[in-house]
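One structure below.
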Amino acid sequence: MNENRDEKNTGTVTTAGATFFSFFVTFIFMFATWIILSGKFDPLLLGLGIFSSALVAWFFHDLLFAGVSMKQTGVFVRFCRYMPWLVMEIIKANFHLLYLVFHPRMLQLINPHIIQFQTGLKSDIAITTLANAITLTPGTVTITATSEGRFRVHAIDRPSAESLPGAMRDRVAHVYGEKI
Amino acid sequence: MHILINIAAIFFLVMGLVFFLGGAVGIIRMPDFYSRLHPAGKLDTLGIFAMVTGLVIYNLHHFSLETLLLSIKMFLIVFFVFLASPTATHSIVDAGMRAGLRPWTQKKKKE
């Protein structure tokens with residue numbers, strides 16, 4: 001989730017409102033982690049948690065969620081809707097790879113080769129998400145991804161290579177609101 | 001009800017074991033460096049997902065705030081593996097490419 005918000009926005013002038021919003025998001029994130037990891041609800045521990053989360057958020061609000069604005073809530077919601085689809089794809093493709101691995105004539109079935117394609121994605125975060133999604137989907141590993149959106153992918157066999165870039169690229173582009 | 005939960009937990013644990021076994025067998029059977037990374041990097045990821053899901057289901061036998069928090073902690077492990085595993089796989093592939101290792105292809109085998 002934090003890779004979702006990790007937008008590069010160093011060039012723009014940050015207003016006080018934007019700074020407060022990124023402080024707030026960092027604080028919520030830190031405090032949720034505190035509650036999950038501590039699991040105790042004494043006033044003392046909660047108070048210490050609020051204090052240390054606020055301290056960390058005050059120092060590092062421009063590091064983790066820099067340049068996050070209200071507008072990007074839509075990106076977050078779409079990213080959460082994209083996750084279940086990605087998990088389904090991973091499971092389907094994993095069963096395919098499992099079939100290949102246990103097949104007696106595996107060496108005839110696999111056909112490793114490198115494919116190149118242009119995705120047309122522009123922002124760094126969209127390219128990173130797509131590269132990670134390709135690597136997570138079995139049968140394909142991202143070798144290089146340039147900032148212009150050119151990908152080199154190592155694919156283990158024909159069917160997993162043919163599924164690229166295809167639907168996955170469209171989904172990622174939709175999440176970050178990019179036109180292809 | 002308890003039997004159903006046990007069956008679901010056992011199902012997910014066995015599924016995770018099968019994926020881990022597939023990953024190990026795949027590392028041995030695949031022909032070259034790059035194709036070995038496919039089972040190594042990804043069958044393990046789904047294996048850990050399935051096993052943690054099984055443990056979470058078993059853990060939620062007695063539903064309370066404590067077991068719920070413990071389950072969320074377990075899923076945090078899966079979350080970090082899902083972030084770290086593709087990155088590590090990518091950097092290993094990139095290192096192989098930079099060192100100039102040629103990928104194994106189907107044609108070479110026929111010669």
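Observations on the model:
- Residue within the stretch B:14-27 that is loosely packed, with under 14 Cβ neighbours inside 10 Å and modelled with pLDDT of 85 or more present: yes
- Residue among B:ILE28, B:ILE92, B:ILE5, B:ILE10 that is away from chain A (no Cβ under 12 Å) and either in contact with a His (Cβ under 9 Å, 6 or more places away or on another chain) or within 22 Å of A:LEU100 (Cβ to Cβ) (or both): B:ILE5
- Here the condition is being surrounded by 13 or more Cβ atoms within 10 Å (Cβ to Cβ) and either modelled with pLDDT under 85 or within 30 Å of A:LEU136 (Cα to Cα) (or both); of A:ARG81, A:ARG105, A:ARG5, it holds for A:ARG5 alone.
- Single condition A:THR10 does not satisfy, out of (1) surrounded by fewer than 14 Cβ atoms within 10 Å (Cβ to Cβ); (2) of a type in the set (S, T, N, Q); (3) at pLDDT below 85; (4) in a helix (DSSP H, G or I): (4)
- Residue within the stretch A:34-43 that is away from chain B (no Cβ under 14 Å) and among the small types (Gly, Ala, Ser) present: no
- Residue satisfying all of: in the stretch B:43-70; surrounded by fewer than 17 Cβ atoms within 10 Å (Cβ to Cβ) and of a type in the set (S, T, N, Q); nearest to A:VAL87 (Cα to Cα) among these: B:THR67
- Scanning the stretch A:34-57 for residues that are of a type in the set (S, T, N, Q) and loosely packed, with under 14 Cβ neighbours inside 10 Å returns a single hit, A:SER52.
- Pairs where the first residue, in the stretch A:23-40, is over 16 Å from B:LEU76 (Cβ atoms) and the second is at pLDDT 85 or above, C-beta under 7 Å, 6+ apart: A:PHE23/A:ALA57; A:PHE23/A:TRP58; A:THR26/A:ALA57; A:PHE27/A:SER53; A:PHE27/A:ALA54; A:PHE27/A:ALA57
- Of the listed requirements (1) outside any strand (DSSP E or B); (2) free of Cβ contacts under 8 Å to residues at least 12 places away in the same chain, A:THR144 misses just one: (1).
- Being at pLDDT below 85 and either of a type in the set (A, V, I, L, M) or in the same structural domain as A:PRO138 (by TED's automatic domain parsing) (or both) is a property that A:LEU64 has.
- Residue tally, condition touching a residue at least 24 places away in the same chain (Cβ under 8 Å), more than 8 Å from chain A (Cβ to nearest Cβ) and aliphatic (A, V, I, L, M), over the stretch B:35-89: 12
The values are calculated or read from the model by the stated rules, or taken from the named source; none is laboratory data. The model shown is predicted, which means the values in this text are computed figures rather than measured ones. Backbone-built Cβ (ideal geometry, glycine too); neighbour counts: all protein chains shown.
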